[in-house]
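Working notes for the structure below.
Every number here is computed from the coordinates shown, using simple stated rules; none is lab data. What you are looking at is a predicted structure, and each value in this text was computed from that prediction instead of being measured. Quick reminder, even Gly has a Cβ in these numbers, built from the backbone with ideal geometry, and neighbours come from all protein chains shown.
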Amino acid sequence: MQFFDAFKRLPTYDLCDNDIRVLLALADENKVGNITWAEFIPVGIDAIKTFLARNKHLQKQPAAVKEINKETLMFVFETEIQ
């Protein structure tokens with residue numbers, strides 16, 4: 001929960017809750033819910049770069065392209081974030 005709270009407080013990254021959950025799931029190698037910096041750094045940096053590139057790309061898109069089907073998104077990530 002500390003990583004989640006820390007990323008919520010970093011407005012520079014502009015990550016949504018789902019981005020942060022995915023980021024933490026990727027970093028939790030042993031799947032026990034405890035993440036060390038050693039686990040986080042290798043995947044975290046790449047994941048954040050990917051999210052930032054996506055956000056930058058979406059800013060250039062028309063509003064219709066930015067619209068996300070929230071029902072589909074929940075279905076895709078539901079098993080990974082619970």
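Key figures for this structure:
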read-out: Inter-label distance, nm, simple model (7 Å from Cα along the C-beta direction), Gln59/Asn34; value: 3.9
read-out: Cβ-defined net charge surrounding Ala38, 13 Å radius [Lys, Arg +1; Asp, Glu -1]; value: -3
read-out: Residue order, fewest to most beta carbons within 10 Å, for Phe4, Phe40; value: Phe4, Phe40
read-out: Cut-off under 5 Å, modelled amide H: who pairs with Glu29 long-range; value: none
read-out: Fewest-first sequence of Ile48, Ile41, Ile35 by Cβ atoms within 10 Å of each Cβ; value: Ile41, Ile48, Ile35
